[in-house]
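Asker: So that we are looking at the same thing, I have put the structure below in structure tokens.
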Ligand code: CA
């Protein structure tokens, strides 16, 4: 869950590792607040009696004693899980930074490589569920960087912390904890495979446990649903998810368009109209082809009429269902197009300070370190410490301090 995170009351909490890496980039002024929250610890007795209650509930729901003990004996208060659960992004990330991070050339190239490597599986998934294989690969790429970044938190402990010390949405977390134990109890996964994001999203495509129970499929036919180590099960399950979310075989998901300058007409995901009516309103395809016909689409202008526009179709909504944020669905849609060989966006974003790729973010950190800024080790993740250093560097160059990892400061530091 990414851009919609501030609206967590409305939507599912499905915070993946990629999402977290991205969110941490937004947390600039937040560190001080978090430090003070993190020092509030519940009474130890309350915590352990809550955990005992969870164990009893798990046993009552039929989960074996051995599984319950292995999962919850030794659970401790985990400050990091709680800190992350309480943080809120404090400023809105520009859409171009968001897409620059998630759809950089590296992820496009890696996507083409996995398409070749897993061609048979992706074609089989497309054939059985009707979901375009480039979109399946794009979900994999955004959710876990094609299985490389799946999360470090032991789910039973993280979820027990959220129930017993989180103080919010405890019913939801409790349900996810029981689902986690069921996945092990029914033999789909071993306990030592249950590592994921602090919020319980795990495996190659970052399903939360209740979704796993509901929608995971055994696509390699070995009798277990293994979304951690089986690429086939993971990709088949993603296709199943998108199909259940309303994906229609053979239909498009998005096309790049251009709205007239100063466009004030209808827009947004809920304002659907035929392609012909969009053409009448002055919307044109970015590739110069004719826009016509009765197919319904909605117009998205994430950066206003000066930036790229997108007509999105029913299948875009299936992607949106995976993770309720338009920016997320745009990233998947665009990455899928790029993996499939379509060109980069034709209309530039309305900014003179372009976004950086992941490789450039890493290089930016190395440049900061070389200039004497103490940001620890360069890891490509732009957290509060890196942002603070970027601000200082911007000030040193006489620029407006933003803390944003953009092209201008990168160039000033000697990159690009
Ligand atoms: Ca399997």
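The values are calculated or read from the model by the stated rules, or taken from the named source; none is laboratory data. Computed from a prediction, not measured in an experiment: that's the story for all the values here. Positions of Cβ are generated from backbone atoms using ideal geometry, with glycine treated the same way; all protein chains shown enter the neighbour counts.
Asker: I'd like the residue in the range 242-251 that is in a loop (DSSP other than H, G, I, E, B) and in contact with a helix residue (DSSP H, G or I) (Cβ under 7 Å, 6 or more places away or on another chain) and, out of all such residues, is surrounded by the most Cβ atoms within 10 Å (Cβ to Cβ).
Answerer: Among those residues, the one meeting the criterion is 247.
Asker: Of the conditions (1) more than 25 Å from the chain's Cα centre (by Cα); (2) crowded, with 16+ Cβ neighbours inside 10 Å; (3) not in a helix (DSSP H, G or I), residue 398 clears all except one; give me its number.
Answerer: (2)
Asker: Report the residue count in the range 190-226 for those that are over 23 Å from the mean Cα position of the chain (by Cα) and either within 16 Å of the ligand (Cβ to nearest atom) or buried (at least 24 other Cβ atoms within 10 Å of the Cβ) (or both).
Answerer: Counting residues in the range 190-226 that are over 23 Å from the mean Cα position of the chain (by Cα) and either within 16 Å of the ligand (Cβ to nearest atom) or buried (at least 24 other Cβ atoms within 10 Å of the Cβ) (or both) gives 8.
Asker: Report, by residue number, each residue of the range 267-297 that is assigned to a helix (DSSP H, G or I) and closer than 13 Å to residue 311 by Cβ.
Answerer: The answer is 275, 276, 277, 278, 279.
Asker: Here is a check on your reading of the model: is residue 250 within 11 Å of the ligand (Cβ to nearest atom) and under 21 Å from residue 340 (Cβ atoms)?
Answerer: no
Asker: Run down 404, 306 and say which single residue is modelled with pLDDT under 95 and closer than 17 Å to residue 101 by Cβ.
Answerer: Result of the check over 404, 306: 404.
Asker: Hey, any hits in the range 253-266 for a residue that's farther than 30 Å from residue 299 by Cα, away from the ligand (no atom under 16 Å from the Cβ) and either part of a helix (DSSP H, G or I) or under 20 Å from the mean Cα position of the chain (by Cα) (or both)?
Answerer: Scanning the range 253-266 turns up no residue that is farther than 30 Å from residue 299 by Cα, away from the ligand (no atom under 16 Å from the Cβ) and either part of a helix (DSSP H, G or I) or under 20 Å from the mean Cα position of the chain (by Cα) (or both).
Asker: Select, from 158, 234, 239, the only residue that is away from the ligand (no atom under 16 Å from the Cβ) and either crowded, with 24+ Cβ neighbours inside 10 Å or not in a helix (DSSP H, G or I) (or both).
Answerer: 158
Asker: Being part of a loop (DSSP other than H, G, I, E, B) and surrounded by 17 or more Cβ atoms within 10 Å (Cβ to Cβ) is true for just one of 345, 330. Which residue is that?
Answerer: Checking each option against the conditions leaves just 345.
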